[in-house]
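Undergrad: Please see the structure below; I have some questions.
The values are calculated or read from the model by the stated rules, or taken from the named source; none is laboratory data. Since we're looking at a predicted model, the values are computed, not measured. Methodologically, a virtual Cβ is constructed for each residue, glycine included, from the backbone with ideal geometry; neighbour enumeration extends over all protein chains shown.
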Amino acid sequence: MAVIKMKDISDALKKVFKQGNYFNVGTIHESADGAKVPLKLDFHESHGTQKLFALAGPIIDALSRGMTLFVDEIDSRLHPILTIELLKMFRTDESNKKNAQIIFTTHDSNLLSRRTDLLRRDQIWFTEKRPDESTDLYSLAEFGPRKDEALDINYLRGKYGAVPFLSGLSSLMDKKHG
């Protein structure tokens with residue numbers, strides 16, 4: 001199994017974008033016999049690879065210019081490890097020399113895990129729909145979690161709110177199939 005480092009991906013993407021090759025992007029794969037096979041991004045590549053290329057330009061731009069990048073559902077279609085590595089690019093002085101920031105939404109509770117040590121408590125915010133259809137926004141820091149608390153598990157258990165209400169789901173299914 002080949003190990004791909006984020007620096008290698010970043011360097012390759014910088015080269016592609018510096019050449020101005022925004023629209024005719026593809027990748028080269030090696031076949032079983034060692035031949036180089038070009039693959040068109042929009043036809044042959046997975047949705048995850050397509051999303052990585054879609055995010056690459058804005059990420060490189062934000063990091064190189066010290067900007068704030070907003071990404072809705074950053075985890076959508078990306079492998080969890082890749083999502084973590086992309087977010088780490090904003091946490092290290094080596095890749096984020098100009099103090100760029102990323103603000104993102106996600107449903108991936110793995111990003112709350114102590115194993116990733118990715119986010120501080122004050123950087124984690126939740127949204128919860130109110131009965132009047134407005135949205136409440138609040139910080140995890142308001143709950144005063146301990147340093148050793150399993151944030152991911154407690155989130156899924158509903159300790160911090162911001163979880164879907166599923167009580168009406170079974171009755172909806174009964175009506176549809178009844």
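Undergrad: Could you list, in sequence order, the residues of the range 48-91 that are part of a helix (DSSP H, G or I), over 14 Å from the mean Cα position of the chain (by Cα) and not hydroxyl-bearing (S, T, Y)?
TA: The answer is G57, I60, D61, A62, L63, R65.
Undergrad: On to the next question. Answer with yes or no whether I103 is in contact with a strand residue (DSSP E or B) (Cβ under 6 Å, 6 or more places away or on another chain) and loosely packed, with under 15 Cβ neighbours inside 10 Å.
TA: Considered against the rule, which asks whether it is in contact with a strand residue (DSSP E or B) (Cβ under 6 Å, 6 or more places away or on another chain) and loosely packed, with under 15 Cβ neighbours inside 10 Å, I103 comes out as yes.
Undergrad: A follow-up question, please. If I102 satisfies every condition in (1) within 25 Å of G158 (Cβ to Cβ); (2) at pLDDT 95 or above; (3) among the β-branched types (V, I, T) but one, which is the exception?
TA: The single condition I102 does not satisfy is (1).
Undergrad: Picking from L78, L111, which residue would you name as being surrounded by 15 or more Cβ atoms within 10 Å (Cβ to Cβ), of a type outside the set (V, I, T) and within 16 Å of L52 (Cβ to Cβ)?
TA: None of the others qualify; the one that does is L78.
Undergrad: Another question, then. Quick one: what pairs do we get from the range 39-66, first residue closer than 30 Å to D93 by Cβ and surrounded by 15 or more Cβ atoms within 10 Å (Cβ to Cβ), second at pLDDT 75 or above and of a type in the set (D, E, K, R), C-beta under 6 Å, 6+ apart or different chains?
TA: K51/R77
Undergrad: Please determine, by comparing only the residues of the range 121-160 that are among the small types (G, A, S) and not in a strand (DSSP E or B), which one is surrounded by the most Cβ atoms within 10 Å (Cβ to Cβ).
TA: Residue satisfying both the conditions and the ranking: A150.
Undergrad: A further question on this structure: Taking the condition of being of a type in the set (D, E) and on the phi < 0 side of the Ramachandran plot, how many residues in the range 95-134 meet it?
TA: 4
Undergrad: How many of the residues in the range 112-137 are within 20 Å of E73 (Cβ to Cβ) and either basic (K, R) or free of Cβ contacts under 8 Å to residues at least 40 places away in the same chain (or both)?
TA: 14
Undergrad: Continuing with the same structure: With the requirement that a residue be over 24 Å from E128 (Cα atoms) and not polar (S, T, N, Q), what does the range 88-108 give you?
TA: Answer for the range 88-108, where residues must be over 24 Å from E128 (Cα atoms) and not polar (S, T, N, Q): K88, M89, F90, R91, D93, E94, K97, K98, A100.
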